[in-house]
Amino acid sequence: MKAKVHVALKSGVLDPQGKAINHALHTLGFPAVRDVRQGKLIELEIDEKDPAKARAAIEEMCRKLLANPVMETYRIELVE
Amino acid sequence: MDAAVIVFPGSNCDRDIKVALAQSMGKEPHMVWHRDADFPKVDLIVLPGGFSYGDYLRCGAMAAHSPAMREVVARAGKGTRVLAICNGFQIATEAGLLPGALMRNAHLQYVCSDVNLRIETNQTEFMAKYRPGQVVRIPVGHADGNYQADEATLDRLEGEGLVALRYCDPNGTISSAANPNGAARNIAGVYNDERNVLGLMPHPERLSDAALGGTDGRLMIDSLVEALS
């Protein structure tokens with residue numbers, strides 16, 4: 001099974017990289033951009049056919065390693 | 001007194017702290033490879049600066065789960081002193097030894113300079129040789145030293161005297177101009193609740209010998225050696 005894990009900074013946590021990208025987009029002539037938040041996309045391939053079990057395992061991976069719950073949130077997307 | 005320095009792939013300040021500890025202790029610390037969870041009983045464990053695992057995923061995230069770190073967490077829970085410097089501080093927060101997180105510097109630049117720091121309290125084994133409120137000058141070198149935690153945690157750290165060091169101006173005044181990385185409330189270092197773990201972004205080992213330009217950092221190492229000998 002394939003899965004995608006989207007990791008993002010919690011809302012309210014300062015994202016200096018997002019701010020820099022926002023600034024660069026303005027400089028490039030995209031003044032309509034109001035805000036940019038940057039995160040990570042982690043793609044996983046795991047040997048598990050049961051979606052519920054796969055999701056539970058990935059939840060644990062997120063808590064233990066893939067995201068830092070102090071400052072990040074995550075969203076799991078099972079692809080197939 | 002015996003000490004151990006945990007060496008991760010990508011650590012690069014491990015030998016500096018080894019030299020500083022050896023000068024202060026009069027004998028060499030154990031150098032422990034990150035895969036080795038079975039290292040001698042020691043009074044002090046140092047997590048050194050560097051770029052463990054190339055800072056992959058998040059600074060310190062991979063190192064926090066190495067076999068040696070699982071042992072460090074277990075021993076810290078039983079009272080062993082842990083000094084976590086720079087990347088070591090990042091590893092300690094990722095491992096749950098210390099609250100909060102070290103985020104990308106607010107200005108996005110790597111900062112490499114001497115900074116002024118105010119010793120918030122000297123009532124710990126790490127700081128006994130400083131005066132409370134003393135301003136010391138110690139180098140920092142990092143891209144991810146922006147200490148952040150939620151407001152409740154920051155209030156608790158301040159209220160319980162767990163803030164170890166703050167970035168300040170030469171007179172000891174806390175200001176945003178003296179903050180090199182955007183850290184919340186100018187925090188440069190924090191203790192755990194039991195005060196047996198200290199994490200800090202500045203590098204005391206880089207200013208621990210007159211030949212290096214000063215000894216402001218040496219007092220931290222000497223404080224520990226005196227307390228644990």
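The values are calculated or read from the model by the stated rules, or taken from the named source; none is laboratory data. All values derive from a computational prediction rather than experimental measurement. Quick reminder, even Gly has a Cβ in these numbers, built from the backbone with ideal geometry, and neighbours come from all protein chains shown.
Of all residues assigned to region B:112-126, none qualifies as being surrounded by 24 or more Cβ atoms within 10 Å (Cβ to Cβ), out of contact with any Asp or Glu (no Cβ under 7 Å at 6 or more places or on another chain), within 14 Å of chain A (Cβ to nearest Cβ) and touching a residue at least 24 places away in the same chain (Cβ under 8 Å).
Considered as a group, the residues in region B:146-174 that are touching a Ser or Thr at 6+ places or on another chain (Cβ under 8 Å) and part of a strand (DSSP E or B) include one that is farthest from B:N196 (Cα to Cα), and that residue is B:C168.
Give region A:44-80 a look and list any residue that's touching a strand residue (DSSP E or B) at 6+ places or on another chain (Cβ under 9 Å), within 14 Å of chain B (Cβ to nearest Cβ) and not in a helix (DSSP H, G or I), or say none. The answer is A:L44, A:A67, A:N68, A:V70, A:M71, A:E72, A:T73, A:Y74. Restricting attention to region B:73-90 and to residues that are in contact with a Cys (Cβ under 8 Å, 6 or more places away or on another chain) and assigned to a helix (DSSP H, G or I), the residue that is farthest from the other protein chains (Cβ to nearest Cβ) turns out to be B:N87. The conditions are (1) within 14 Å of another protein chain (Cβ to nearest Cβ); (2) under 17 Å from the mean Cα position of the chain (by Cα); (3) β-branched (V, I, T), and B:V225 fails exactly one of them. Which is it? The single condition B:V225 does not satisfy is (1). The set of residues in region B:97-106 being at the interface with chain A (Cβ under 7 Å from one of its Cβ atoms), not small (G, A, S) and not in a strand (DSSP E or B) consists of B:R104 alone.
Take B:A177 and decide whether it is at pLDDT 95 or above, away from chain A (no Cβ under 14 Å) and under 18 Å from B:L198 (Cα atoms). When the stated conditions are applied, B:A177 does not pass them.
Among the conditions (1) crowded, with 16+ Cβ neighbours inside 10 Å; (2) modelled with pLDDT of 95 or more; (3) out of contact with any Cys (no Cβ under 9 Å at 6 or more places or on another chain), the only one that A:V70 does not satisfy is (2).
Inspection of region A:13-33 identifies no residue that is loosely packed, with under 11 Cβ neighbours inside 10 Å and either under 21 Å from B:A143 (Cα atoms) or charged (D, E, K, R) (or both).
Can you name every residue in region A:2-20 that is within 11 Å of chain B (Cβ to nearest Cβ) and over 9 Å from the mean Cα position of the chain (by Cα)?
At the first step, the residues of region A:2-20 found to be within 11 Å of chain B (Cβ to nearest Cβ) are A:7, A:9-10, A:12-20.
If the condition is that a residue be within 11 Å of chain B (Cβ to nearest Cβ) and over 9 Å from the mean Cα position of the chain (by Cα), then A:K10, A:G12, A:V13, A:L14, A:D15, A:P16, A:Q17, A:G18, A:K19, A:A20 are the ones that fit.
Is there a residue in region B:11-33 that is within 14 Å of chain A (Cβ to nearest Cβ) and not hydrophobic (A, V, I, L, M, F, W, C)? No: zero hits.
One line per residue, one yes/no per condition, for (1) over 13 Å from the mean Cα position of the chain (by Cα); (2) surrounded by 17 or more Cβ atoms within 10 Å (Cβ to Cβ); (3) among the β-branched types (V, I, T):
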| site | (1), (2), (3) |
| --- | --- |
| B:L154 | yes, yes, no |
| B:G159 | yes, no, no |
| B:S175 | yes, no, no |
| B:A178 | yes, yes, no |
| B:H203 | no, yes, no |
| B:M220 | no, yes, no |
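In this structure, does A:L41 turn out to be in contact with a strand residue (DSSP E or B) (Cβ under 7 Å, 6 or more places away or on another chain) and more than 14 Å from chain B (Cβ to nearest Cβ)? The answer is no for A:L41. Could you go through region B:50-63 and let me know if any residue there is out of contact with any strand residue (DSSP E or B) (no Cβ under 7 Å at 6 or more places or on another chain), away from chain A (no Cβ under 14 Å), within 28 Å of B:N171 (Cα to Cα) and in a loop (DSSP other than H, G, I, E, B). Within region B:50-63, none of the residues are out of contact with any strand residue (DSSP E or B) (no Cβ under 7 Å at 6 or more places or on another chain), away from chain A (no Cβ under 14 Å), within 28 Å of B:N171 (Cα to Cα) and in a loop (DSSP other than H, G, I, E, B). Within region B:80-94, the set of residues being surrounded by fewer than 22 Cβ atoms within 10 Å (Cβ to Cβ) and without any contact (Cβ under 8 Å) to a residue 60 or more places away in the chain is empty.
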